[in-house]
Structure formats: C-alpha cells, structure tokens
Amino acid sequence: FKRRKLRRVNMSLKVLEGSFSLLRKNPILYLPDLVVGIISSFMLYILFLYTGAGSLLQLLQVAEPSIDIITGFVSENLKELIISLAVFIFVSFILGVSVRIFKFSMMRELLEGKKISLLNSWKERKGYFLPVVFLRILLFCIQLIALIAVAVLALGVFFLVGSVFPEKTATFFAVALAILFGVAALININILFVFRYPMMFLKKVKSPKKILQESYKIFQKNPWYNLKTWLVVFLLIIIFGTLSYILGSIIGIILPFFSSAILVTIISSLWSVLNKIINITVDLWSTLYVFVQYKKKSKE
C-alpha cells in the first residue's frame with residue numbers, strides 16, 4: 001500500500017514537473033495575461049483622469065483627511081464614478097473571459113502537439129465565449145444554492161441552540177457552522193468540477209450542462225483523482241502566495257531605509273511587475289497541470 005501511494009505521489013510530481021517544463025518552453029502562454037494587464041492599467045489611468053480622482057488625492061495631501069471630503073467628492077462626481085465603475089466591470093468581464101479562452105485554446109494546441117497559433121486561438125474566442133460565460137453562471141448558481149442551504153442550516157441551528165443556551169452562544173455556533181460548512185461546500189464543488197475547462201477545450205464539449213454532468217461522472221469513478229488534482233493546485237497557490245507575501249513584507253521593511261524617492265519608486269515598480277509575473281506563472285502552471293491530468297485520465 002505504501003509503495004502504491006509513493007508511486008502515485010511520484011507520478012503527480014512528474015506531471016507537475018512536466019507541466020512546468022511545457023510552460024518554460026512556451027513563454028508565449030504569458031502573452032494574454034500580460035496584454036490584459038497592460039490594457040487594464042491603461043484603462044484605470046483613463047478612468048482615474050475621467051473621474052478627477054487626482055484632485056481628490058491632492059486635496060487629501062493638503063488638508064486633513066476626513067469623511068466630508070470623500071463624500072463631497074463622491075456627490076460631485078457621482079455620475080462619472082458610476083459610469084467608470086460600469087465600464088470597468090463590463091470591460092474587465094469581457095477581457096477576463098476572452099483571455100481565459102485564449103489561454104485554454106493555446107494549451108489545447110500545445111497538448112495536441114501542434115505549434116501554438118495566436119491567430120487560431122483568437123478566432124476560436126467567439127465560438128467559446130458564450131459557453132464559458134454560461135458555464136460560469138451555472139457554476140455560480142450551484143455555489144449560491146449550496147450557500148443558501150448552508151445559511152438555512154445555520155439558521156436552524158441558531159434557533160435550536162438558542163432554545164437551550166444564551167443568544168450569544170447560539171449566534172457563535174450558527175456563524176461558526178455557516179463558515180465551516182460554507183467553505184467546505186465551495187471546496188467540494190471546485191473538486192467536483194475541477195476538470196470542467198479541460199473537458200470543454202480538449203474534448204470540445206460546449207454544453208455547460210453536459211460538462212457538469214460528465215465532470216460528475218469522472219468524480220464518481222475516481223474521487224481521489226479529482227481531490228489529488230485540486231490539492232496540488234491548492235498547494236501551488238498557497239506556497240507561491242506565501243512566498244509573495246514574505247518577499248513583499250521584506251521589501252516593505254527595507255524601502256523606508258532608502259532616502260532616494262526615485263530608487264524607492266523603481267524598487268516598488270520592479271516588485272509590482274515581479275509579483276504580477278509570479279501570479280501569472282502560478283495560474284498558468286496550475287491550469288496546465290489540470291489540463292495534463294485530464295488528458296492523462298482520458299487515455300486510461
């Protein structure tokens with residue numbers, strides 16, 4: 001049993017290593033996220049100018065910060081702020097879905113042994129846009145139903161415990177139960193449907209309902225495989241997230257010792273870019289790992 005378990009761990013590490021090797025040999029996979037990052041930064045700068053937020057920052061630097069200054073700015077620029085927020089949310093959503101499709105199409109070509117074609121990946125964007133949107137909506141509805149069920153359960157516990165113990169105790173139990181079961185429900189849903197995007201792009205299944213049904217069948221046959229895949233992704237995020245936090249904290253401690261404002265700006269900018277690259281790397285690496293795991297499972 002121990003040998004079999006060790007063999008499985010070694011296989012997972014090999015797949016993880018192979019996924020990183022694919023990413024290292026194909027840096028073009030970074031392109032969609034980098035382009036979207038540049039577009040988002042430019043858009044925020046335009047909206048910053050449009051809303052007149054610069055004048056607010058100048059005012060806060062000169063005068064003592066207060067709620068009245070902020071509320072006054074919001075009331076005077078309410079129309080611009082609402083329009084800016086709506087535009088940013090809409091464009092970010094379109095860009096977010098598009099970049100996902102772009103990346104997944106590139107990964108499919110890579111795993112099929114083809115040379116990555118930016119033109120082909122871009123053309124496929126239209127055919128996958130609505131399926132990806134509807135899949136996300138359907139998954140959100142499932143998560144929402146699960147959270148509502150947890151809330152109803154917590155409410156029942158509140159009334160049940162409240163009939164015996166003080167209200168504060170009942171509230172504590174209900175809130176603790178809601179948090180515990182809520183997190184567990186969301187994690188289980190993610191484990192259950194961890195292969196949804198590989199199925200859509202590698203098998204070219206565009207029906208969100210069919211994707212979720214087939215994902216459930218995969219989970220039923222081998223729940224450990226789904227759990228193992230999700231755990232590896234989760235650990236990658238935790239490890240690199242912790243690393244980014246530690247490096248950010250160290251840089252935050254060191255920066256006050258520099259007297260040059262230009263040097264501080266340069267270091268801060270470089271760290272911001274490096275942190276963004278780390279986040280993109282984790283996302284691409286973990287996504288490639290899930291795609292490779294699904295392809296490996298499909299061959300069995």
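Cβ contacts < 7 Å: first residue hydroxyl-bearing (Ser, Thr, Tyr), restricted to region 163-179; second residue open to solvent by less than 100 Å² (accessible area, probe 1.4 Å) and part of a helix (DSSP H, G or I), any location; separation 6+ or different chain. Result?
THR169/VAL161; THR171/PHE158
For region 215-260, give me each residue that is open to solvent by less than 60 Å² (accessible area, probe 1.4 Å) and among the β-branched types (Val, Ile, Thr).
Within region 215-260, ILE218, THR229, VAL232, VAL233, ILE251 meet the criteria.
Look at ASN26 and say whether it is more than 21 Å from the chain's Cα centre (by Cα), of a type in the set (S, T, N, Q), at pLDDT 85 or above and within 30 Å of GLN293 (Cβ to Cβ). Spell out the reasoning first.
Working: more than 21 Å from the chain's Cα centre (by Cα): yes; of a type in the set (S, T, N, Q): yes; at pLDDT 85 or above: yes; within 30 Å of GLN293 (Cβ to Cβ): yes.
Considered against the rule, which asks whether it is more than 21 Å from the chain's Cα centre (by Cα), of a type in the set (S, T, N, Q), at pLDDT 85 or above and within 30 Å of GLN293 (Cβ to Cβ), ASN26 comes out as yes.
Assess whether PHE201 counts as being assigned to a helix (DSSP H, G or I) and crowded, with 16+ Cβ neighbours inside 10 Å. Spell out the reasoning first.
Working: assigned to a helix (DSSP H, G or I): yes; crowded, with 16+ Cβ neighbours inside 10 Å: yes.
Judged against the criteria, PHE201 is a match.
Among the residues of region 102-120, write down those that are touching an Asp or Glu at 6+ places or on another chain (Cβ under 7 Å) and at pLDDT 85 or above.
Passing the criteria: only SER105.
Within region 153-170, can you find the residues that are among the small types (Gly, Ala, Ser) and within 23 Å of ALA185 (Cβ to Cβ)? Full working, then the answer.
The initial filter retains those residues of region 153-170 that are among the small types (Gly, Ala, Ser), namely 154, 156, 162-163, 170.
Residues satisfying the conditions are ALA154, GLY156, ALA170.
Can you confirm whether region 157-175 contains a residue that is among the charged types (D, E, K, R), within 28 Å of LYS297 (Cα to Cα) and either touching a helix residue (DSSP H, G or I) at 6+ places or on another chain (Cβ under 7 Å) or open to solvent by 80 Å² or more (accessible area, probe 1.4 Å) (or both)? Quick ask: steps written out before the conclusion?
From region 157-175, those among the charged types (D, E, K, R) are 167-168; that's our starting set.
Now narrow it down to the ones that are within 28 Å of LYS297 (Cα to Cα): none.
The answer is no, given that none of the residues of region 157-175 is among the charged types (D, E, K, R), within 28 Å of LYS297 (Cα to Cα) and either touching a helix residue (DSSP H, G or I) at 6+ places or on another chain (Cβ under 7 Å) or open to solvent by 80 Å² or more (accessible area, probe 1.4 Å) (or both).
Is there a residue being under 30 Å from LEU202 (Cβ atoms), of a type in the set (Gly, Ala, Ser) and modelled with pLDDT of 80 or more anywhere in region 71-89?
First, pick out the residues of region 71-89 that are under 30 Å from LEU202 (Cβ atoms): none.
Looking for residues that are under 30 Å from LEU202 (Cβ atoms), of a type in the set (Gly, Ala, Ser) and modelled with pLDDT of 80 or more, one finds none in region 71-89, hence no.
Go through the residues of region 119-135 one by one and say whether even a single one is closer than 18 Å to ALA185 by Cβ, without any contact (Cβ under 8 Å) to a residue 40 or more places away in the chain and surrounded by 13 or more Cβ atoms within 10 Å (Cβ to Cβ). If you could, list the steps in order and put the result at the bottom.
Our first condition is that a residue be closer than 18 Å to ALA185 by Cβ; within region 119-135, this holds for none.
Looking through region 119-135, none of the residues is closer than 18 Å to ALA185 by Cβ, without any contact (Cβ under 8 Å) to a residue 40 or more places away in the chain and surrounded by 13 or more Cβ atoms within 10 Å (Cβ to Cβ).
The values are calculated or read from the model by the stated rules, or taken from the named source; none is laboratory data. Every value quoted in this text rests on a predicted model; they were computed, and no experiment measured them. Methodologically, a virtual Cβ is constructed for each residue, glycine included, from the backbone with ideal geometry; neighbour enumeration extends over all protein chains shown. The accessibility values were calculated without ligands, DNA or RNA, using every heavy atom of the protein model including side chains. Shrake-Rupley method; radii C 1.70, N 1.55, O 1.52, S 1.80 Å.
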